[in-house]
Amino acid sequence: MARRSRPGDSKTAVAYVRVSTEDQKLGPEAQRASIEGWAQREGVSIVAWHNDHGVSGGADLEDRPGLIAALGELRARRAGILVVAKRDRLARDVCIISTVERAVETCGARVVSSDGIANGDDAASVLLRQILDAAAQYERALIRARTKAALKAKRARGDRAGEVPLGFRADDMGRLHEEPSESATVRKIHALREAGQSLRSIVKALAQDGVLSRARTPLGLTQVARLARAA
């Protein structure tokens with residue numbers, strides 16, 4: 001059993017923001033605004049912000065460098081709260097959320113959502129959190145099922161399915177053509193991977209070089225892993 005640290009300061013928080021590729025209803029700016037509003041109302045000081053961009057709600061803890069850094073910050077700052085805009089920003093998987101919450105507890109902190117829903121320790125709040133977590137997992141499954149069905153229908157019509165892969169652009173007929181600047185990024189990922197670099201180190205190297213996705217955000221671990229496999 002993991003050793004639990006002594007309780008952190010209940011008026012000090014570390015903020016965590018997650019944006020996935022499958023659900024963009026709550027962008028990073030909106031999440032940050034919600035968290036800042038909560039902190040002001042509650043008189044809590046946000047001592048650090050950590051982000052994961054392009055990370056799925058089903059990604060494991062080891063694939064979330066931002067969340068891992070936030071956990072480390074909880075210990076280093078002895079903060080008593082990990083705050084997110086909504087519980088589904090932690091994950092959209094019941095088992096993963098449970099793992100994250102246990103990790104937060106071992107840091108001497110607790111998870112709070114800035115929307116104010118089910119933040120209490122009473123039995124009703126605990127039950128509501130379990131319901132919200134299950135609903136988030138169910139919604140993620142629905143999104144995946146709908147996306148899979150839509151892609152299948154497109155393929156059946158003979159249309160190209162899925163997004164245009166990084167390194168290419170599509171013309172008016174849907175034909176793919178190489179996009180030089182993006183292709184250079186893909187080649188760099190492959191070269192670094194072949195040189196023995198870890199995925200996290202590649203993400204860091206691309207960020208240092210100012211490489212951005214089409215959404216104008218740094219390439220995330222999931223995106224880099226997908227590109228590395230597409231060699």
Report, by chain and number, residues whose modeled amide H sits under 5 Å from the one on G108, excluding near sequence neighbours (fewer than 5 apart, same chain).
S5
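Could you list the chymotrypsin sites (Phe, Trp or Tyr not before Pro) in the range 11-62 that lie in coil according to DSSP, counting only those with at most 16 other Cβ atoms within 10 Å of their Cβ?
none
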Farthest toward the dipole's positive end in the range 9-124, which of V84, L74, A103, given Cβ charges of +1 (Lys, Arg) and -1 (Asp, Glu) about the Cα centre?
L74
Where a ≥ b ≥ c are root eigenvalues of the Cα gyration tensor, a/c under 1.5 meaning rounded, otherwise prolate if a/b exceeds b/c and oblate otherwise, the range 9-124 counts as rounded
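A short reminder: the numbers here are calculations on the coordinates, not readings from a lab. Not measured: the values here are computed from a predicted model. Glycine also receives a Cβ, built like all others from the backbone with ideal geometry; neighbour counts cover every protein chain displayed.
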